[in-house]
Amino acid sequence: MAEVAEDVLAIIAAKIPGERKGVRLTDKLEELGLESVDFLEMVFDLEEKFEIQVPYNANTAADDFTTVEDVVKAIQGLVEQKA
């Protein structure tokens, strides 16, 4: 599952505006400078990469995905369910 985490971190990092060096699991998504469009594109990229469906609701996304670790755990869980 470390591979999944690395890929998720890379996808999130690619969506961050500017020249930020690295993404940590403890980073809060709202503090990374991601706008709603960036976040939506990130979800699409994750779905495509892992061939999964992320139960994403723009109205509750802030509650579901607060930190990078929340995203990693959610994707890992969906990948495990698919297997």
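Listing for the model above:
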item	result
Residue-wise HN-Hα coupling along region 9-19, computed from phi with Karplus coefficients 6.51, -1.76, 1.60 (Hz; x: Gly, Pro)	4, 5, 5, 5, 4, 5, 8, 6, x, x, 10
Cα coordinate range in the chain, projected on the principal axes (Å, largest first)	35, 28, 20
Local electrostatic count at GLU35 - Lys and Arg +1, Asp and Glu -1, tallied over other residues with Cβ under 11 Å	-2
Carbon/sulfur fraction of accessible area - the chain, other protein chains in place, 1.4 Å, %	47
3J(HN,Hα) from dihedral phi, region 73-83, Karplus parametrisation 6.51/-1.76/1.60, rounded to Hz, x for glycine, proline	4, 4, 5, 4, x, 5, 5, 5, 5, 5, 5
By average C-beta atoms within 10 angstrom, highest first, the peptides 24-36, 70-82	70-82, 24-36
For THR67, distant residues with modelled amide H under 5 Å away	LEU29
Spatially proximal lysines relative to LYS21 (Cα-Cα < 27 Å; intrachain offsets below 8 disregarded)	LYS49, LYS73
Segment LYS82-GLN53, extension gain: residue separation times 0.36 nm, minus the distance between their alpha carbons	9.5 nm
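The values are calculated or read from the model by the stated rules, or taken from the named source; none is laboratory data. Since we're looking at a predicted model, the values are computed, not measured. Glycine gets a Cβ as well: all are built from the backbone with ideal geometry, and neighbour counts include every protein chain shown. When the accessible area is computed, the model is the full protein with side chains, heavy atoms only, and any ligands, DNA or RNA have been set aside. Shrake-Rupley method; radii C 1.70, N 1.55, O 1.52, S 1.80 Å.
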